[in-house]
Amino acid sequence: MFSQFQPRRLAALALAAMLTGCASAPATHVVTDPQTDLRTYRTFSFSETGKGEYSTIAGNRLKQATRAQLQRLGYSYVERNADLRVYILLKVEAQQELRSVPTSAGRFAYRGWVSSAVETVHYREGTLAIDLVDTKRNAMVWRGVTGDRISKSDMKNPGATIDSVVRELFATLPVSGS
């Protein structure tokens with residue numbers, strides 16, 4: 001038999017399950033041109049900043065993290081005539097989500113029905129895409145994309161977050177010349 005506290009427990013468990021589901025790893029997708037052997041490339045450079053554009057702190061950290069990962073994999077950075085050109089796209093958008101939050105059953109409880117309130121949650125969501133383009137063919141040969149919510153701790157320590165995300169993106173890229 002259900003006790004009078006059962007609906008509250010069920011609502012609390014449901015809320016905990018929903019919040020746990022939100023704390024998942026970022027969605028990362030990597031696409032490789034099936035006709036290309038990435039191990040044959042040796043050098044890379046970054047796409048040039050467009051006319052009138054300037055570098056940003058986050059952009060510089062992304063380049064630094066990308067360069068470190070590619071060099072770790074045996075690719076060499078060169079200023080000109082590289083085998084691969086690296087393009088980096090970072091997009092951050094303000095988002096909002098409506099959540100139904102159970103309130104105490106109190107006088108509104110009726111046969112297992114629990115009242116709820118609606119709250120609006122504001123957050124930022126970031127998407128990072130890194131493309132590797134064959135400079136001779138001017139064709140994309142590899143793309144890594146990841147996206148997730150940006151937490152307060154990510155905002156306080158963006159360098160470590162950028163390094164971690166870029167490392168994860170390049171986890172499946174083969175070592176140069178292997």
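At 7 Å along Cα-to-Cβ for each site, give me the label-to-label distance between K152 and E97 in nm.
1.7
Using the basic label-point model (7 angstrom from Cα toward the beta carbon), what is the V78 to N60 distance in nanometres?
Each label point is offset 7 Å from its Cα along the Cβ direction, giving 2.7 nm.
Can you give the extra length, in nm with one decimal, that the chain gains between A117 and D37 once fully stretched, where that is 0.36 nm per residue apart less the Cα-Cα distance?
Residue separation times 0.36 nm, minus the Cα-Cα distance, leaves 23.3 nm.
Net charge near R143, counting Lys/Arg +1 and Asp/Glu -1 over other residues with Cβ under 12 Å of its Cβ?
Neighbourhood net charge equals -2.
Add +1 for every Lys or Arg and -1 for every Asp or Glu among the other residues with Cβ under 10 Å from the Cβ of Q69, and state the total.
Every neighbour counted, the sum reads +1.
Readers should treat all values here as calculations from the given coordinates under stated rules, not as data from a laboratory. Quick caveat, the model's predicted, so the values are computed rather than measured. With ideal geometry, Cβ positions are generated from the backbone for all residues, glycine too; neighbour counts draw on all protein chains shown.
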